[in-house]
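Please treat every number below as a calculation from the coordinates, not as lab data. As the structure is a computational prediction, the values presented were derived from the model and not from experiment. Cβ: placed from backbone, ideal geometry, glycine included. Neighbour counts: every protein chain shown.
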Amino acid sequence: MNAVDGSDHYSKTSDEPPPSLLTIILDTNPHAWALLAPTLPLSAAIANLLVFINAHLAFNNANKVCVIASHTRRAEFLYPPRPTPPTTTTTNNAPDDSSDDEAMPDPSPSPPKKHSQTLLDDANHYRPFTHLQRTLLSALSTLFATTNSDTLTATTAIAGALTLALTYINKQQLLASATVSGPASSSTTNTDAATTTQQSPGLISRILILSVSGDLAHQYIPLMNTIFACQRMAIPIDIAKISGDTVFLQQASDATGGVYIKIKQPKGLLHILLAA
Amino acid sequence: MADSDQEYVQDISDEEVEAHIVTRGAGDGSKARGSGTRGGAWEVTRTWENVVEGADGTISSTVDGMLEADKRKRLLKDTTPLQRGIIRQVLLVIDLSTAMVEKDLRPTRHLLTLRYVQDFISEFFEQNPIAQLGVIGMRDGLAVRISDMSGNPNDHITKVQELRAEEPKGQASLQNALEMARAALFHAPAHTTREVLLIFGSLLSSDPGDIHTTITALVNAKITVRVIGLAAQVAICNTIVTRTNPSIPTTDTYAVALNEQHYRDLLMRFTTPPAISQARTAEEEANKSSLLMMGFPSRIADQEPSFCACHSKPTSGGYLCSRCSSKVCSLPTQCPVCGLQLILSTHLARSYHHLFPLRNWVEVSWPRAEASTQHDCRTCHTMFPTRSGASGHQKPSVTTNGHRDAMALSTTRGNANARAQKAAPKPASSGVSESGRYECETCGSHFCIDCDVFSHEVSHNCPGCQSLEEEVHMAATTATEED
């Protein structure tokens, strides 16, 4: 009886603002970053971004982050790492390389221990921050390692990254509403994603695009599709434009009620990220 | 007086009998359609027999499977690219007769209809931004104009909301409503579609004349009528639908709502633009308008307010018609001065996914699932179930006599494998993937059911195709760009 009362009490008092999911799409087009190198090298930009992400995570314990790289010809998840079977997660440099897993029947208890040890190395760091930083950086380095000069173009797969982001957000929102209102009701209401997300904001989502390159004409249709999907799901798209010029992304932020900032002083990126 | 009452009762029962005959003749094969279940107690589907106890003694696995099948069922639509009429002229006819007071759909048919119609209107304009819609009501044997043809969803929604205060009254007249619809659609230009959507709760229609002449007139005017019944199938609706849509099977044009959810689905199905039938286009080949003048106006922001041409109200912002430079305050619209269709490019882009639909993803069988190197959904990182984990977690489509199998758990694994292989040669019958994976045939990525539903219903993009290295595609486009 006591337990029941306690749990009731607890669930009612949790009146804080709902957790928010921040999805960052980082344009990692090497051409554009090479041009930017004198003012804002990519490493500095990522350092700024990490501070911003940490700030976001620090606001609320339940806040989530998703980082997606929009590379020259593909889009990849950087932060929520691909959940490979537990054997490969310890090798910090290859979270994406899932070709050799499941073949080794290692006992599962040992990898988490090693994992936590590597994390505990740095006693001055809040562990989630460290975890995020390591995963993100290692994913980035694998991304660049797998890029060879043949595939280099001055373009970026922004539509793909947005699609990935939206699908991920949708899943997270489904999960969030399932935990809030019970699995039965969520499965009946997700018939129409638009109404569901507006009715039960179990998770507030937004998308931030750090864009450095220009538009691509052939991506117009998929990009517009994602923009309309964002409109339906009431997800604002914020754009931080460091260089280049895009009409499509301006439309995106305008249609979804987001912010479009053209950053004139790239060195002040962190300031703008934190203030805007 | 008493006599006429007697006759009237007789009429109804005739109608009902007719409806039942129709039901039995047409509804035999498909329970999903279940036309007219309200009248047909013989069509009991024994849903509880599909529920099978899982190995752990609960029915959760079965329930999950059914939910998944349900999600998937909605998805499997025709994805062959068709020429569709995206500039639509639609008249929505709502039944406002006493039959709508019935409470078989909660709270009442009337209130539920009004709520769904509001949803329908916003969804309709979401999907068809350059379409025109009008609303007509059937009350007291008359056709009542509720809102005029217009492209602004808010006009319609406020008008429909006002109906909430009024009680349904009298009887419905199909003929009057159809005549009014015909008069409204008759002048629609040739490049648009002319459609009527009828929500019909009554079982009878009290008409001033011969409704068959009206139907002939509709056919001559190339107006298509689709009907959603709320009570049971009615023979005259069937006739209207088959005569005005000669090339489309009746199942797509006339259906009776089984429950609230089904009603909603039926309404929402209408938001997809209709395919242009080949017969009709061939016939109109001579005066076919393949190109259409449209203006893409630019937005202006004045310091001083000026009058707009559409409402004659002073506004400070607006759009200038690209041909005659008159100012209109909202898009899409027709220029009130020169009659040019004014739209934004985003309005056209909104309709693209009807014209270039995303292909359905296929189910993945266990052998192929195991051969793949992918262990999680490409987008949401949900781990796919493995076959060993799923052998105790059978899907209802696979398990026919699962209760006994679940008892003999030690042998289930072998059975499951055998059955999986048996089920493999006939894909797409159940719609549910046994491995929980769905594959895009273009890029070969595997996705989970939630991402499948989302990609097809909301984003209309394949996350795999968009985010993988599109070697061929990119090579082609860069080549053309360089040229």
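For the reader, a short list of remarks on this structure follows.
- Take each residue in A:230-236, count the other chain C-beta atoms within 10 Å of its C-beta, and the mean is 2.
- Fraction of beta bridges assigned by DSSP in region B:82-271 that are antiparallel (%, nearest 5): 20
- A simple rule links phi to the HN-Hα coupling: the Karplus curve 6.51 cos²θ - 1.76 cosθ + 1.60 with θ = phi - 60°, which for region B:270-276 gives 6, 6, 6, x, x, 6, 7 Hz, with x for Gly and Pro.
- Sorted peptide list for B:173-181, A:256-264, B:221-229, B:161-169, criterion being average Cβ within 10 angstrom, highest first: B:173-181, B:221-229, A:256-264, B:161-169
- Across peptide A:217-223, the average count of Cβ atoms from other chains found within 10 Å of a residue's Cβ is 5.
- In terms of the mean number of neighbouring beta-carbon atoms within 10 Å, the peptides A:160-168, A:267-275 order highest first as A:160-168, A:267-275.
- Packing-based exposure ordering (other Cβ within 10 Å, fewest first) of B:Arg264, B:Arg359, B:Arg437: B:Arg359, B:Arg264, B:Arg437
- Per-peptide average of other Cβ atoms within 10 Å, ordering B:292-298, B:98-104 highest first: B:98-104, B:292-298
- Cβ crowding within 10 Å, taken as a proxy for footprinting-reagent exposure, orders B:Arg269, B:Arg109, B:Arg299 from fewest neighbours to most as B:Arg299, B:Arg269, B:Arg109.
- Taking the Cα atoms of region A:130-171, the ratio Rg/Rh between the radius of gyration and the Kirkwood radius comes to 1.07.
- J(HN,Hα) series, region A:265-272, from Karplus relation 6.51 cos²θ - 1.76 cosθ + 1.60, nearest Hz, glycine and proline x: 10, x, 5, x, 4, 4, 4, 5
- Mean partner shielding of peptide A:72-79, defined as the number of other chain Cβ atoms within 10 Å of each residue Cβ, is 3.
- Overall, the ratio between the Cα radius of gyration of region B:82-271 and 2.2 N^0.38 Å, rounded to two decimals, is 0.93.
- Given charges at beta-carbon only (K, R positive; D, E negative), |dipole| of region B:82-271 in Debye: 280
- Cross-link table B:Lys159/B:Lys313; A:Lys264/B:Lys327; A:Lys64/A:Lys171, entries beyond 25 Å C-alpha to C-alpha: A:Lys264/B:Lys327
- Integer Hz, Karplus 6.51/-1.76/1.60 couplings in order for region A:63-79, x for Gly and Pro: 4, 10, 9, 9, 10, 10, 8, 9, 8, 4, 10, 8, 10, 9, 6, 9, 8
- Residues whose placed amide H lies under 5 Å from that of A:Lys64, excluding near-sequence neighbours: A:Ser20, A:Leu21, A:Leu22
- Listing A:Met224, B:Met383, B:Met138, B:Met268 from fewest to most neighbouring C-beta atoms within 10 Å gives B:Met383, B:Met268, A:Met224, B:Met138.
- Close amide H partners of B:Leu198, meaning residues 5 or more places away or on another chain with modelled amide H under 5 Å apart, are B:Val93, B:Arg226, B:Val227, B:Ile228.
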